[in-house]
Amino acid sequence: MGSKAGRPHSPSAAALGGRLMKLVGDRDAALFSREISRVCAEPQATDGQPDYGEVLAWVVDAIVGVITARLGAAGPGETFVLDLHFTDGTHVDVDDLAASERWVLQTVTAFLAEEVAAGEQLLAVAEQFDPTQRADTLADAIIWLDFVLDVDLPDPPDVTTT
């Protein structure tokens, strides 16, 4: 379902989110850091650029959209379960994740479970973060999006319709 349920995304938020994704893909850490800092600064710029909340909502929605597109939508009575593992196969303890990583996981999980109110509440909470927390959260969300775009996920199962 994604975060679009509660708020429309501006084209400028999508454009900036896409630019941040390109910088991650290009491994341009200096420009990525500068762009993240600009988006996360308080008070929000009035130069017509999208604000932090809009960009973060777009990134979360993109993560949810990629997962849903790659795995298919959950069926009736089913929900997604995100179970994280290190590359060696050992389980990741969610409590050991940085606060920004836990926020991304919780927010994506809420939208995947179609708990829109919980997801929107988490997005609202993130807008109250201080600039450093904002930067960490947005950077982690962008990195998670980059990861889910690159991860080798199985094709969704064929569904018979009548």
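The values are calculated or read from the model by the stated rules, or taken from the named source; none is laboratory data. Note that this is a predicted model, so its numbers are computed, not measured. Counting neighbours? That spans all protein chains shown, and the Cβs are built from the backbone with ideal geometry, glycine included. Accessible surface is based on the protein model in full, side chains and every heavy atom, while ligands, DNA and RNA are left aside. Shrake-Rupley method; radii C 1.70, N 1.55, O 1.52, S 1.80 Å.
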- Task: Report the accessible area of Glu78, computed with a 1.4 Å probe over the heavy atoms of all protein chains in place, in Å² rounded to the nearest 10.
- Result: 120 Å²
- Message: Please compute the length gained on full extension between Ser37 and Val81, using 0.36 nm multiplied by the number of residues separating them and subtracting their Cα-Cα distance.
- Response: 12.6 nm
- Query: For the stretch 45-124, which whole percent of the accessible surface, found with a 1.4 angstrom probe, sits on carbon and sulfur atoms?
  - Reply: 53 percent
- Item | Convex hull of the stretch 27-98 built on C-alpha atoms - directionally averaged projected area, nm² | 8.3 nm²
- Message: Modelling each spin label as a point 7 Å along the Cα-to-Cβ direction, I'd like the Val94/Ser12 distance in nm, to one decimal.
- Response: 3.5 nm
- Message: Residue by residue through the stretch 118-131, what is 3J(HN,Hα) from phi via Karplus (6.51 cos²θ - 1.76 cosθ + 1.60, θ = phi - 60°)? Round to whole Hz and write x for glycine and proline.
- Response: 5, x, 5, 5, 5, 5, 5, 4, 4, 6, 8, 4, 6, x
